[in-house]
Amino acid sequence: MSEALLPTGPVADELQPLPASGGRQFLRRLRSQPATLVAAGIVVLLIVVALAAPLLTALEGQDPTTYHPHLVDSARGGVPVGPLGGISAEHWLGVEPQTGRDLFARLVYGARVSLGVAFAATFVQLVIGLAVGLGAGLGSGWLDQILSRITDIIIALPLMIMALAVLAIVPPSFPRPVLVAVIIGLIAWGSTAKIVRAHTITLKQLDHVAAARLSGWNTWHIARRELLPALAAPVITYGALLIPLNITVEAALSFLGVGVKPPTPSWGQMITSANVWYQAAPQYLLFPAGALFVTVLSMTVFGDGIRTALDPRAASRLRIGTGRRREAKA
């Protein structure tokens, strides 16, 4: 009886809840992952700290380059004076061995370098990889072969060895953070191009892309209107996973002595300098190493969460698996 009183026809259609938009679905899936939300909060906090480094160091009253020789014990080889590496109201995380430079100031300014290099290198990789991948996927057979072989050569190049070789011959006057970001981006775009090419070949076989081609649209118009929106999800996902990898590469290059040069602070450079101080002043190693670990872990978890939120199939598999586990427990 109650069903007979329900409206039918156009009125019933108007009363049906509207489906959530793509953005709302993405946010809903993202909110359903507590680990991703925590990682996103940490990533935002790190970015804010890096951007606000001048303000934070001004509040502390220190800067990353000023030496404080009176805060280190020269008789003991330059070990910081005071407990916990010289931690005080003036130096929140203590001072650097031998030089006495403020460790907090160098840490937050090092975040600017590490995150800035990683984001810039990732941007270069995505732009080049997207252009080459689209060209290979949409181009003719000979163009696809040429671009694919170039991509294979780029992938086969050892990133660290090539970066070491290039960084070693560039004049020191060139801005080092910019140079590191450009070199990483120019050497490591091959995987992005492979992913974009594979998705482009799949997408161009769909009916709406074929209809656009039959309507007389040129290749650029098809790529801009039909392919790029569909490629946004995999490219953003892969870019989010590239950022922690590039942070690690920058730290490794600085650790090897060919990355960012002093006095510009970098987490990898600080870890290198801390090699001989991990027993006498362990905080000098623990703070930059801990910051690097937390950053890479948070970026990785956040990137994986974005992948799950942007991929409905992954989200469906997650729901199905959770439901089966609940049924098994019941």
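Here is the figure for segment 162-195: residues that are surrounded by 14 or more Cβ atoms within 10 Å (Cβ to Cβ) and either polar (S, T, N, Q) or outside any loop (DSSP other than H, G, I, E, B) (or both) total 22. Entry remark, segment 271-292: residues being under 21 Å from the mean Cα position of the chain (by Cα) and in contact (Cβ under 8 Å) with a residue 60 or more places away in the chain number 4 in total.
Counting only residues that are of a type in the set (Ser, Thr, Tyr) and surrounded by fewer than 14 Cβ atoms within 10 Å (Cβ to Cβ), segment 196-218 holds 2 of them.
Look at (1) among the basic types (Lys, Arg); (2) more than 19 Å from Ser266 (Cα to Cα); (3) touching a strand residue (DSSP E or B) at 6+ places or on another chain (Cβ under 9 Å) and you find that Arg101 fails only one, number (2).
When Ile150 is tested against (1) surrounded by 15 or more Cβ atoms within 10 Å (Cβ to Cβ); (2) aliphatic (A, V, I, L, M); (3) more than 17 Å from His199 (Cα to Cα), just one condition goes unmet, and that condition is (1).
Do you know which residues across segment 235-292 are surrounded by fewer than 23 Cβ atoms within 10 Å (Cβ to Cβ) and of a type in the set (S, T, N, Q)? Scanning segment 235-292 gives Thr237, Thr248, Thr264, Thr272, Ser273, Asn275, Gln279, Gln283. The set of residues in segment 66-105 being touching a residue at least 40 places away in the same chain (Cβ under 8 Å) and more than 24 Å from Val49 (Cβ to Cβ) consists of Arg76, Gly77, Val79. Only one of the numbered conditions (1) farther than 20 Å from Ser298 by Cα; (2) exposed (fewer than 15 other Cβ atoms within 10 Å of the Cβ); (3) hydrophobic (A, V, I, L, M, F, W, C); (4) at pLDDT 90 or above is violated by Val48, and that is (1).
The values are calculated or read from the model by the stated rules, or taken from the named source; none is laboratory data. Quick caveat: nothing in here was measured; it's all calculated off a predicted structure. Reconstructed Cβ throughout: ideal geometry from the backbone, glycine too, with neighbour counts over all protein chains shown.
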